[in-house]
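Structure, as structure tokens:
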Ligand code: CP
């Protein structure tokens, strides 16, 4: 089955603003944004219209150019600002990369995890939010197992809230780093075919990527067994298919999703072996995508289930690069949210 979807509505554009002064380097690839509207919080990929998303990616590129080759890869941009990493759910990549990103911008960083905090004694999210508020957090990076928790948090704190993954809802900075990685390899996303494969039902990565990549002009195809597609997927700005082999032919990129066994309460497929046979990425399937095509995975991977180790570590795989790009993109997000577009901010450090 292949179903064409309606393009989603684009967010209205706001007033014009200049790029960060003092940021040097060659012009970013893709169209130069003319009008950007950075939201107060980054809760969903749909908070970014095309111009603003392009601006975040271009800013990340300029940051990368600005710090590459430096012995000390640190900018004074957010000196005196406090970023709180508020993680109620396990994370390796996102938590560490937000910490590295904030520190490279010279912010003070507080790492909070539910384990070992008063949350384990029954403290509510609201009381935790008020505590952060009292401590003067300028930004709160929130991961939570409940969809909507970062949005709720944004109503209780004055600082900027960044969704670092909420339940099965969204993971907007993952989508931004994926778009950044795709742009680096493909030169632009307009008309590019990206195939997203696997546990779409439980995947916040898939939701955010469909929103962002379609905003940036890519054609996204979701491939999954019917049991792992959410109700209403036909309203997403994506194509849907059950047949992985045919979807992969000539694709510019394939993004494998982790099978989220911890969120599964029923039998969504007969056996892991059966899942791998129908929806796993092995070398034969890797060879179906375009010669210039790339393989992405947000991590953590179930090696041998949704992807073979040979493909994960083989030619065309950009999985490790995605992690590195996560730091740069999160620096751009923190910078744009926290320092606005003031001339002094970046200029002081570049
Ligand atoms: N991709 C991702 O969100 O990984 P972590 O769960 O390790 O942060």
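Before moving on, here are some points about what is shown:
- On full extension, the segment bounded by residue 152 and residue 242 gains 28.9 nm, given 0.36 nm per residue less the C-alpha separation.
- FRET efficiency estimate (nearest 0.05) - Cβ-Cβ, residue 135 to residue 35, R0 45 angstrom: 0.80
- Principal-axis tilt of helix 50-67 within the chain, Cα atoms, nearest 10 degrees: 70 degrees
- C-alpha long axis of helix 319-339 to longest principal axis of the chain, angle in °: 40 degrees
- Exposure proxy shown here: for 130, 156, 236, the number of other Cβ atoms within 10 Å sets the order, fewest to most, as 130, 156, 236.
- Three-way shape label, segment 32-117, alpha-carbon gyration tensor, a/c 1.5: oblate
- Direction-averaged projected area, Cα convex hull, the chain: 17.4 nm², rounded to one decimal.
- Each peptide in 133-139, 203-209 was scored by the mean count of other Cβ atoms within 10 Å over its residues; highest first, the order is 203-209, 133-139.
- Nearest-ten-degree value, helix 172-186 long axis tilted from longest Cα axis of the chain: 70 degrees
- Where only alpha carbons of segment 172-317 are counted, the Rg and the Dmax (Å): 13.9, 41
- Spacing of the modelled spin labels on residue 274 and residue 185, each 7 Å from Cα toward Cβ, amounts to 3.1 nm.
- Convex hull (Cα only) mean projected area of segment 87-224, reported in nm² to one decimal: 9.2 nm²
Values in this text are rule-based calculations from the coordinates and carry no lab data. Not measured: the values here are computed from a predicted model. So basically every Cβ, Gly included, is an ideal-geometry build from the backbone, and we count neighbours across all protein chains shown.
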